[in-house]
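K.L.:
There's a structure below that I have some questions on.
The values are calculated or read from the model by the stated rules, or taken from the named source; none is laboratory data. Since the structure is predicted, the reported quantities are computational estimates derived from the model, not experimental observations. We place every Cβ from the backbone using ideal geometry, glycine too, and count neighbours over all the protein chains shown.
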Amino acid sequence: MDSLILQTKHSFFLSLALGAGWLLSPESLVITGNSSGHMTWLTLPVLAIVALLFGLTARLLQQPQLSSRKGEEFTLLAEFTGTIPATALTIASSLPLIVLSATALLVTSGYTFNEVFLYWFPNFGFAFLLLAILTILQFCPEKILHRAQIFFVALAAGGLLSLCLLGFVKIGGATSQQVAELPTHFSWATIAPLFLLFAGSTLGSNRERPFLLPIAATVLFALWIVISLSYVTPDRLISSTIPYMTAARKILGDPGRQIMGAVVISGTCAAYTGLMLAARRLLATIIDSKSGSQLFSIKMQRWLLPTLLALITAILMATGLAGEELLEVLLRAALMLWLLHHIFLCISALVWLKKDSRLPLAGGGATLAMVAALFSLFISNAEHTKILIFSFSMLGISTLLALIWLTINKRRNHSAKEQETQ
Amino acid sequence: MKKLIIFLTFFLLSTGLQAFALEVPTVSKDELKAKLGSQDMTILDVRAGRDWSSSEFKIKGAIRAPGNKIAEWSKNYQKDQELILYCA
């Protein structure tokens, strides 16, 4: 087993960087921008509450009674749902999210590079180039990969922070009237998308500091929300498909666009690498829990998985999925599958802890809030039939893959035992 | 060898015909700027999905008409109407 990928103790910066990938992606910036347009100043306490709920569920999953278990989250889930459903849910919640988010984010980065930095460089060319670089990076030793992730996250967070500071300096520290404006839309439908900001954050390897990432994310996004509302009207933030770029242009003009361009590209790299590392770790725990071949495990997570996912992403980009509205629906469905997986993990932990007569009420309450958010995300989406079809298809395919893998594993173990007896 | 020559002939002919088919009238940036605001001309943004939503550059007043749904929106315009389509 590749020991580094299952390692749970990390430095302060690596703990932050592993979970913060998706948080700093352009998609998260769109969710934050649109939400702050809808809820204005109320976005700040709502974001803080959502972050707190994720901190509470992360703490729930790292209870000492649970952390001694081999295979960690996966074993916990498998004990609650059974091995095949747990494997299927784990695959369905992670792999489609990587492929679809990569397709969407790489195309966004391609446009950003073309429109902000080099007009003559084709946007699609840049998207494919970035995909190739990020895939090659996955083949590098873990140490280099972790350092690259810290660099991507630091660049994206640093860029966003510098835009906030420059924005505050420009307006002399005073916020505009828009921040104090009453929210126009405030309902579960406007709150629920904020839960999707934390996709992959709890799948990271950080088990020691459950509140570190939620607190850091709240501080950074609170600054960005205040500065966005100070420069851009709520209506514009709601209607814009790239509210982050609209705000950056208003704050600092062309230099602001260039800083935001760097944030978008590094945020894309951070999201891809972060989600891929989380998926590799999950896959390692699945293989480890069923005592799969060590060689197969390392080959699978270091070579096969990144190559396969990059190939699927390249095919989706080449066939023009990014030019279809369907991509947005599928990406939303993939994010909801991730939230469903997280909810199941929390319920498994609660069931296990209840056996010990130690039911943590805060963790239970946070899980319940996430169930409500998932329900709201589903109901408020006009395309819920497509979301259902996609989710069940992914779960079906994942179940099939789980069955195939378990059969191969069973045969392999059986023949190994036979060889031992001979 | 004979098969190869036939294949190459067909290949060159088909690509050559494609090149002719791609010859559609275009307007330069300056020509379009001069025409902006004219009632006789309609600008159509044929980008869809992320191609449209990720782009910062959108011409003011342009109507969204996704390129993959030409059959749907083309009925709304007359044949002699000047339509300017852009995708980047």
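K.L.:
Every residue in the range A:344-363 that is surrounded by 17 or more Cβ atoms within 10 Å (Cβ to Cβ) and closer than 12 Å to A:Ala58 by Cα, please.
P.N.:
A:Leu345, A:Cys346, A:Ala349, A:Gly363
K.L.:
Counting only residues that are more than 14 Å from every other protein chain (Cβ to nearest Cβ) and not acidic (Asp, Glu), give me the helices (runs of 4 or more DSSP H) lying completely in the range B:18-88 with at least 2 of them. Don't jump to the end; show me each part of the working.
P.N.:
Numbers: elements: B:29-35, B:49-53, B:70-73.
Answer list for the range B:18-88: B:29-35, B:70-73.
K.L.:
Shifting gears a bit: Where the second residue is charged (D, E, K, R) and at pLDDT 95 or above and the first is more than 19 Å from B:Lys60 (Cβ to Cβ) and lies in the range A:234-254, which pairs have Cβ atoms under 7 Å and are six or more apart or on separate chains?
P.N.:
A:Ala248/A:Arg257
K.L.:
Note down all Cβ pairs under 9 Å where the first residue falls in the range A:10-33 and is over 15 Å from A:Leu220 (Cα atoms), the second is among the acidic types (Asp, Glu), and they're at least six residues apart or on different chains.
P.N.:
Within 9 Å, the pairs are A:His10/A:Glu208; A:Ser15/A:Glu208.
K.L.:
Then there's this: Among the helices (runs of 4 or more DSSP H) confined wholly to the range A:229-343, which include 1 or more residues that are within 13 Å of chain B (Cβ to nearest Cβ) and surrounded by fewer than 17 Cβ atoms within 10 Å (Cβ to Cβ)?
P.N.:
Values: elements: A:234-239, A:243-289, A:294-299, A:305-318.
Ranges flagged: A:234-239, A:243-289.
K.L.:
Please determine, by comparing only the residues of the range A:34-62 that are of a type outside the set (A, V, I, L, M, F, W, C) and touching a Ser or Thr at 6+ places or on another chain (Cβ under 6 Å), which one is surrounded by the most Cβ atoms within 10 Å (Cβ to Cβ). Steps first, please.
P.N.:
Keep residues of the range A:34-62 that are of a type outside the set (A, V, I, L, M, F, W, C), which gives A:34-38, A:40, A:43, A:45, A:55, A:57, A:59, A:62.
Remaining after also requiring touching a Ser or Thr at 6+ places or on another chain (Cβ under 6 Å): A:35-36, A:38, A:43.
On the way: A:Ser35: 26, A:Ser36: 30, A:His38: 21, A:Thr43: 27.
In this case the residue turns out to be A:Ser36.
K.L.:
Residue pairs, Cβ under 7 Å, 6 or more apart or interchain, first in the range A:378-401 and modelled with pLDDT of 95 or more, second buried (at least 17 other Cβ atoms within 10 Å of the Cβ) and part of a loop (DSSP other than H, G, I, E, B). List them.
P.N.:
A:Ile387/A:Asn381
K.L.:
Please work out if A:Tyr111 is crowded, with 24+ Cβ neighbours inside 10 Å and within 14 Å of chain B (Cβ to nearest Cβ).
P.N.:
yes
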